[in-house]
Amino acid sequence: MFSRKNKLLIFKLVSLFSVVRGYNILMITLAQYLASIYILAHDWPLRKVVFDLNLLLIVTASALVIAAGYIINNFYDAEKDLINKPRKSMLDKLVSQRFKLTTYFILNFLAVFAASYISFRAVFFFSAYIFGIWFYSHKLKRIPFVGNLVSATLAIAPFFAVFVYYKNFETVIFVHAVFLFLLILAREMIKDLENVKGDLVQNYRTIPIILGVKVSKRMIGVLVLLTLIPAFLLINKFDVGYMYLYFIGSVMLLLLFLVLLWKSSSKKHYVWLHNILKLIIIVGVFSILLIDIDLVLHRIL
């Protein structure tokens, strides 16, 4: 049996994992590697990509900055989360604010240190990324739509770092990026509908609060319709292997999303809509494997 001290330590570790959203970081790390292997450096030997030290350092620095970003965001949103996410907030409180801030600075320092082994440009990029996340958490997230736009941009920044590293400027990559960006932006705006109660109490000027729920729904609907454009292009115009099946499924889910969006009226409904977009994004990570099924089978065999 665990002692009281050991149990408290385990709870604190779980709390810290919750604060930095370790599951999200694992997904982003996997996505960066799969995108590198199958999209950004598809013409490189597999072994060269997998064992590329610079790629490992980019992925590591990204994970550290993202973890730090979740911490600083949690720090600024502590009061709001007590209203919007009471259970998660109670778990997060097992770790003190002082410890969170200390961890925040340590993670950012380690990220810049890792980037310094790549190049000065990498140090500049990750330093700017760190500042961007802090400025978003401190100021920009309170500005209607600008906060959503910046949040979605910061979310795809780790993939931009890998994209710049491999210098692959194929059109298909930009279309993939637009599809992902629009999905994330729509998800960010759905989150505003979920969190209206807490945002209102904390004086956050989000679109549902300033312009109303109907306007917010219309804007989300437009974003989802725009997302269908890159999806159709990836199905019909570009060679994405069997990943076209994923985009067909995504189109079907997005059409269902639009129907449910107009019928939604409660936080429970908005959580379901959020989960639909989250599902599309998560499945999208694993569906990258379908771009070159022969490479997958070769690795298995």
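Yes/no matrix, rows are residues, columns are (1) among the charged types (D, E, K, R); (2) touching a strand residue (DSSP E or B) at 6+ places or on another chain (Cβ under 9 Å); (3) surrounded by 18 or more Cβ atoms within 10 Å (Cβ to Cβ); (4) within 13 Å of F179 (Cα to Cα):
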position: L225; (1), (2), (3), (4): no, no, no, yes
position: K237; (1), (2), (3), (4): yes, no, no, no
position: Y246; (1), (2), (3), (4): no, no, yes, yes
position: M252; (1), (2), (3), (4): no, no, no, no
position: L260; (1), (2), (3), (4): no, no, no, no
position: K263; (1), (2), (3), (4): yes, no, no, no
position: K267; (1), (2), (3), (4): yes, no, no, no
position: V271; (1), (2), (3), (4): no, no, no, no
position: S287; (1), (2), (3), (4): no, no, yes, no
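Looking across the range 38-51, the residues that are touching a residue at least 60 places away in the same chain (Cβ under 8 Å), assigned to a helix (DSSP H, G or I) and surrounded by 17 or more Cβ atoms within 10 Å (Cβ to Cβ) come down to Y38, I39, L40. Of F174, F145, all but one fail to be more than 23 Å from I71 (Cβ to Cβ) and free of Cβ contacts under 8 Å to residues at least 12 places away in the same chain; the exception is F174.
Each row is one residue, and each column tells you yes or no for (1) touching an Asp or Glu at 6+ places or on another chain (Cβ under 7 Å); (2) closer than 19 Å to S151 by Cβ; (3) without any contact (Cβ under 8 Å) to a residue 40 or more places away in the chain.
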| position | (1), (2), (3) |
| --- | --- |
| R187 | no, yes, no |
| Q202 | yes, yes, no |
| S216 | yes, yes, yes |
| L225 | no, no, yes |
| I235 | no, no, yes |
| L255 | no, no, yes |
| S266 | no, no, yes |
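Tell me which residues, restricted to the range 161-179, are within 19 Å of T227 (Cβ to Cβ) and surrounded by fewer than 21 Cβ atoms within 10 Å (Cβ to Cβ). Passing the criteria: T171, V172, I173, F174, V175, A177, V178.
Just one of the listed residues (S265, S287, S250) is over 30 Å from K141 (Cβ atoms) and small (G, A, S), namely S287. The residues of the range 202-228 that are among the aliphatic types (A, V, I, L, M), within 30 Å of I288 (Cβ to Cβ) and touching a helix residue (DSSP H, G or I) at 6+ places or on another chain (Cβ under 8 Å), listed by number, are M219, I220, L223, V224, L225, L226, L228.
Does F126 fit the bill of being surrounded by fewer than 20 Cβ atoms within 10 Å (Cβ to Cβ) and either touching an Asp or Glu at 6+ places or on another chain (Cβ under 6 Å) or not acidic (D, E) (or both)? No, not satisfied.
Where a number appears in this text, it was derived from the coordinates with a stated rule and is not lab data. All of these numbers come straight from a predicted model, not from anything done at the bench. FYI the Cβ positions are ideal-geometry reconstructions off the backbone, even for glycines, and counts take in every protein chain you see.
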